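> Following this message is one structure expressed as structure tokens.
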Amino acid sequence: MLLELNRITVPPGQTVFLNNITWQEFETLLEELGEHRSSRIAYANGTLEIMTPLPEHESSKELVSDLIKALLEELDIEFFPLGSTTFKNQLMQQGIEPDNCFYIQNEALVINKKRLDLTVDPPPDLALEIDITSRTHPYIYATLGVPELWRFENSILKIYILQNGDYQKTQYSPTFPNLPLTDILPQYLQQIQTSGRNATMKQFRTWIKTLSGNPS
């Protein structure tokens, strides 16, 4: 299997599916691929998906992540970002690598851990997916128990919260209640294209401070 995989080239923006992959083969594959790679993987019940993102995908991921971090920082909410860490649960036969993820409510439970095991550790509180070239896998995130999932697709932000094992679309994030983020974040993301990142981030932070009543 690894020999065959080494012969596979996944061009940016393309996806390869491998069927009938056992959990041990999945674990071996992850070790072989290593942590420093551009590809993303998703695994569910024997099917492995390998995707290589486009530069547009990566830039959007970084910019949206910057906006989320600014929100958490300006609202003085402790958090622990774990990027595209591989989250997997052998008992559930599921594995996923988000575009970014954040431990927020459970930050204190994982901040000192070098490795996470979702059979005993909590999943990220918020996962981010940029749907330009990849397919978000809500079933995997739901199975792993991720409480909140953000999807950016065609410059539209969709927020989902996990209720009774399924994701329900909501207008407001429970992490940032009463903030109209589905309207505001796409606007600031678009503004970056004309005003530049730094100028836009300064305006965004000012907006948060004004809204939260903390102008300092």
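The values are calculated or read from the model by the stated rules, or taken from the named source; none is laboratory data. Model, not experiment: these values are computed from the prediction. Backbone-built Cβ (ideal geometry, glycine too); neighbour counts: all protein chains shown.
> With the requirement that a residue be among the hydrophobic types (A, V, I, L, M, F, W, C) and either closer than 21 Å to residue 153 by Cβ or part of a helix (DSSP H, G or I) (or both), what does the stretch 55-96 give you?
The answer is 63, 64, 67, 68, 70, 71, 72, 96.
> Suppose we filter 71, 67, 75, 91 for residues that are closer than 21 Å to residue 140 by Cβ and of a type in the set (A, V, I, L, M); which single one remains?
Within the list 71, 67, 75, 91, the selection yields 91.
> Out of curiosity, is residue 195 more than 25 Å from residue 51 (Cβ to Cβ), in contact (Cβ under 8 Å) with a residue 24 or more places away in the chain and either touching a Ser or Thr at 6+ places or on another chain (Cβ under 8 Å) or among the polar types (S, T, N, Q) (or both)? Break it down stepwise before answering.
Values: more than 25 Å from residue 51 (Cβ to Cβ): yes; in contact (Cβ under 8 Å) with a residue 24 or more places away in the chain: no; either touching a Ser or Thr at 6+ places or on another chain (Cβ under 8 Å) or among the polar types (S, T, N, Q) (or both): yes.
So residue 195 does not fit the description; no.
> Of 75, 48, which residue is within 30 Å of residue 199 (Cα to Cα) and in contact with a helix residue (DSSP H, G or I) (Cβ under 8 Å, 6 or more places away or on another chain)?
None of the others qualify; the one that does is 75.
> Please enumerate the residues belonging to the stretch 176-216 that are surrounded by 14 or more Cβ atoms within 10 Å (Cβ to Cβ), of a type in the set (A, V, I, L, M, F, W, C) and part of a helix (DSSP H, G or I).
Matches in the stretch 176-216: 181, 184, 185, 189, 192, 201, 204, 207, 208, 211.
> Restricting to the stretch 141-156, name every residue that is surrounded by 19 or more Cβ atoms within 10 Å (Cβ to Cβ) and closer than 21 Å to residue 58 by Cβ.
Across the stretch 141-156, the qualifying residues are 141, 149, 150, 151, 152.
> Residue under question is residue 123, and the condition is that it be in a loop (DSSP other than H, G, I, E, B), touching a residue at least 12 places away in the same chain (Cβ under 8 Å), closer than 18 Å to residue 149 by Cβ and touching a Gly at 6+ places or on another chain (Cβ under 6 Å); does it hold?
yes
> Confirm whether residue 59 is closer than 19 Å to residue 141 by Cα and either modelled with pLDDT of 95 or more or hydroxyl-bearing (Ser, Thr, Tyr) (or both). Full working, then the answer.
On the way: closer than 19 Å to residue 141 by Cα: no; either modelled with pLDDT of 95 or more or hydroxyl-bearing (Ser, Thr, Tyr) (or both): yes.
Spelling it out, it is not the case that residue 59 is closer than 19 Å to residue 141 by Cα and either modelled with pLDDT of 95 or more or hydroxyl-bearing (Ser, Thr, Tyr) (or both).
> Sticking with this structure for a sec: Got a number for residues in the stretch 98-120 being under 14 Å from the mean Cα position of the chain (by Cα) and either over 21 Å from residue 175 (Cβ atoms) or outside any loop (DSSP other than H, G, I, E, B) (or both)?
Adding up the residues that qualify gives 4.
> Follow-up question, since we're still on this one. Looking only at the stretch 145-153, decide whether some residue is touching a Gly at 6+ places or on another chain (Cβ under 7 Å) and of a type outside the set (Ser, Thr, Tyr).
Initially, the stretch 145-153 is screened for residues touching a Gly at 6+ places or on another chain (Cβ under 7 Å), giving none.
Checking the stretch 145-153: not a single residue is touching a Gly at 6+ places or on another chain (Cβ under 7 Å) and of a type outside the set (Ser, Thr, Tyr).
> State whether the residues of the stretch 103-112 include one that is crowded, with 19+ Cβ neighbours inside 10 Å and either over 30 Å from residue 190 (Cα atoms) or without any contact (Cβ under 8 Å) to a residue 60 or more places away in the chain (or both).
Yes, some residue in the stretch 103-112 is crowded, with 19+ Cβ neighbours inside 10 Å and either over 30 Å from residue 190 (Cα atoms) or without any contact (Cβ under 8 Å) to a residue 60 or more places away in the chain (or both).
> Among the numbered conditions (1) under 24 Å from residue 208 (Cα atoms); (2) part of a loop (DSSP other than H, G, I, E, B); (3) modelled with pLDDT under 90, tell me where residue 134 comes up short.
It is condition (1) that residue 134 fails.
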